[in-house]
Each structure stands twice: as C-alpha cells, then as structure tokens.
1. Looking at region 122-135, which of its residues are touching a residue at least 40 places away in the same chain (Cβ under 8 Å), in contact with a strand residue (DSSP E or B) (Cβ under 8 Å, 6 or more places away or on another chain) and open to solvent by 10 Å² or more (accessible area, probe 1.4 Å)?
2. How about region 3-46: which of its residues are open to solvent by less than 50 Å² (accessible area, probe 1.4 Å) and at pLDDT below 80?
3. Go through the residues of region 54-63 one by one and say whether even a single one is modelled with pLDDT of 95 or more, among the hydrophobic types (A, V, I, L, M, F, W, C), in contact with a Ser or Thr (Cβ under 8 Å, 6 or more places away or on another chain) and outside any loop (DSSP other than H, G, I, E, B).
4. Pairs please, first residue from region 242-257 and on the phi > 0 side of the Ramachandran plot, second anywhere and open to solvent by 70 Å² or more (accessible area, probe 1.4 Å) and part of a strand (DSSP E or B), Cβ atoms under 8 Å, 6+ apart in sequence or on different chains.
5. What number of residues within region 250-270 satisfy the criterion of being part of a helix (DSSP H, G or I) and touching a strand residue (DSSP E or B) at 6+ places or on another chain (Cβ under 9 Å)?
6. Among the helices (runs of 4 or more DSSP H) lying completely within region 136-218, list those that include at least 1 residues that are open to solvent by 20 Å² or more (accessible area, probe 1.4 Å), farther than 24 Å from SER234 by Cα and hydroxyl-bearing (Ser, Thr, Tyr).
7. Quickly run through region 96-109 and pick out the residues that are in contact with a Lys or Arg (Cβ under 7 Å, 6 or more places away or on another chain) and either among the hydroxyl-bearing types (Ser, Thr, Tyr) or within 12 Å of GLY58 (Cα to Cα) (or both).
8. Out of region 77-99, which residues are part of a loop (DSSP other than H, G, I, E, B) and either open to solvent by less than 10 Å² (accessible area, probe 1.4 Å) or of a type in the set (Lys, Arg) (or both)?
Amino acid sequence: MSRVRLLAALAAATALAGPLRAEPVPITSLDGTVIAAHWLPAPGGGTGPAVLALHGCGGLYNRDGRTLDARYPEYAARLHAAGVHVLLTDSFTPRGARQICSVKHGDRSITVETRRQDAIAAVRWLQTRSEVDPQRIVLLGWSHGAMTLLTAINAARAPHAAPLAGAIAFYPGCRATLQQPFRLDTPLLLLLGEKDDWTPPGRCIALAERVSQAQPQADLTLRVYPDAYHGFDSARPVRLRADVPNGVNPAGVHVGGQPEARAAALAEFDRFITRVTAIGRSSP
C-alpha cells in the first residue's frame, strides 16, 4: 500500500475523534498491507471485552470518504453502553477502493480471502492491548464482512482467529464456506433475512445444519427473520439497488430495514454479547 493511501485512511480515522473518541491506528495485515483502523475504547477505561467489527462491501464511510456510515456509530454506541471496546478496520481505503458492491465477484481485487488476513491480524492486535481481556474478544460482521468473519473463524484452516468469545454474522453469503471443510470452535450467531435477494439465507441454513450434524456440541444460534431483506437491521427504508450485479435477480437487489426484524435482531445481539463476554464479571 502506498504511503499516500495510508495517510489518507488515517486522516479519515482522525476526523472521527470527536464524540466517538476514535484513535487512528495502523495494523499490519498478514499479507503485509498496512490497514487503517479506528480504535474506540469504551468510556470509563479498565480491562474489558472488545468487538472487532468488519464492514460490508460498501466500506466504512459515507460518500464523502470521511464520515462513518450511520451503522457503525450506532453499534459502537450500543457496545460502549455495555462497557465493550470497539475496533473498526478499513480494508478498502488502504487498497485504493471505496466500495466493491457494484463490482462483479470475479472482478474484485479485494476478496473475502484478502480480508480474512486483515481480521486475523486485527484480533492479534486486540490481544496485545492492556484494555482488552483477550478471552473476551468478539467478531462482528455485516454481509461481505460477515463472509470474512466465517472464513476467519473456520477452525479447519490455519491460521484462524482464536481464541474468541463469540462471533455475530449479519446476512453473510455462505456459498464459499459450504464448499470448504468447516469446523466451528467459537460461539456463532447467524442473523438472516427471509427475503434476502442479495445473499439468500438458504446456503447459511444448510451450513448451520451441516455444523449441527458434524458437531452436535457446537454453540450455533440461527435466526431467520420473516419479511426481511438484506440490511434488515438498518433504520433506512427498503430500496432497490440496480447497481449491484451479484444478487439473485439481474434487476438488482433490495436493501433496507424491517422494523420488527431490526428490533428482534438487536435484542438477540444484546443477549449474545452479554452471554459470551459475561459482561459485569470481575476482570482477571
């Protein structure tokens, strides 16, 4: 990665300092790329759990390339209220891309495999922080970031992201994971939309069934929300994105929130985070 790209990415992180208390940090991926990240420690300090959040194919930012998409401050505030630190990694800007949603799968230079290396490196970075209990790190991802999460936690591959307290995947695509050996040694929460025509839930349901058969002891929770499209946890209305070539229909994909699914998913999210990180316990 060029120094200019890294400086631009870190400048974007610096611009977020304000109320989010974001600290720009460089993290060296396993492929040698220096990615920019936003470190958002929970108010109050002390050693506690942390969440590594992996953005979707749209990247971290709004169109201005500097301000965070509304999803990420919302989840950071939710996690901070529970005393959880947050790390946001930017896999795109340091590699010269703003988004990859409108790029066909076969034409993408930044892939899930690329980002898998970023995620493992970021988990290792968190494990070195004095503010973070290394036994209470959780991975969180949306769409392309959730696909990255599934590859990063796959214990059938080496290396993989470990140890982790848990992982939360919002509407990933599961086709690639189904085509590989997959072993789960991390509590996993899969949150899917019944009407998702971008990453249809069927393959992820099949993955969950395969895991349950091969590993009856695995800690896997699956939720499929009725009448919900891709991005159902958003507060934005559903819209058709005709610029996305990777969905079920050539005309495009539907993206946007569904109030009942959003409320149910956020409640599930809170319960899972609380359970796997044992929030409120004394730090070791």
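The values are calculated or read from the model by the stated rules, or taken from the named source; none is laboratory data. Please read these numbers as outputs of a predicted model, since none were measured by experiment. Methodologically, a virtual Cβ is constructed for each residue, glycine included, from the backbone with ideal geometry; neighbour enumeration extends over all protein chains shown. Side chains included, ligands, DNA and RNA excluded: accessible areas come from the protein's heavy atoms. Shrake-Rupley method; radii C 1.70, N 1.55, O 1.52, S 1.80 Å.
1. Matches in region 122-135: TRP125, ARG129, GLU131.
2. The answer is LEU6, ALA9, LEU10, ALA11, ALA12, ALA13, LEU16, ALA17, LEU20.
3. Within region 54-63, one or more residues are modelled with pLDDT of 95 or more, among the hydrophobic types (A, V, I, L, M, F, W, C), in contact with a Ser or Thr (Cβ under 8 Å, 6 or more places away or on another chain) and outside any loop (DSSP other than H, G, I, E, B).
4. GLY252/LEU240; GLY256/ARG239
5. Filtering region 250-270 for residues part of a helix (DSSP H, G or I) gives 259-270.
Those left that are additionally touching a strand residue (DSSP E or B) at 6+ places or on another chain (Cβ under 9 Å): 260-262, 264-265, 268-269.
The qualifying residues number 7.
6. Numbers: elements: 144-153, 175-178, 202-214.
Once the helices (runs of 4 or more DSSP H) in region 136-218 are filtered for at least 1 residues that are open to solvent by 20 Å² or more (accessible area, probe 1.4 Å), farther than 24 Å from SER234 by Cα and hydroxyl-bearing (Ser, Thr, Tyr), what remains is 202-214.
7. Of all residues in region 96-109, those in contact with a Lys or Arg (Cβ under 7 Å, 6 or more places away or on another chain) come to 96, 100.
Hit for region 96-109 is ILE100, nothing else.
8. Restricting attention to region 77-99, the residues satisfying the condition of being part of a loop (DSSP other than H, G, I, E, B) are 82-84, 91-92, 96-99.
Across region 77-99, the qualifying residues are VAL84, SER91, PHE92, ARG98.
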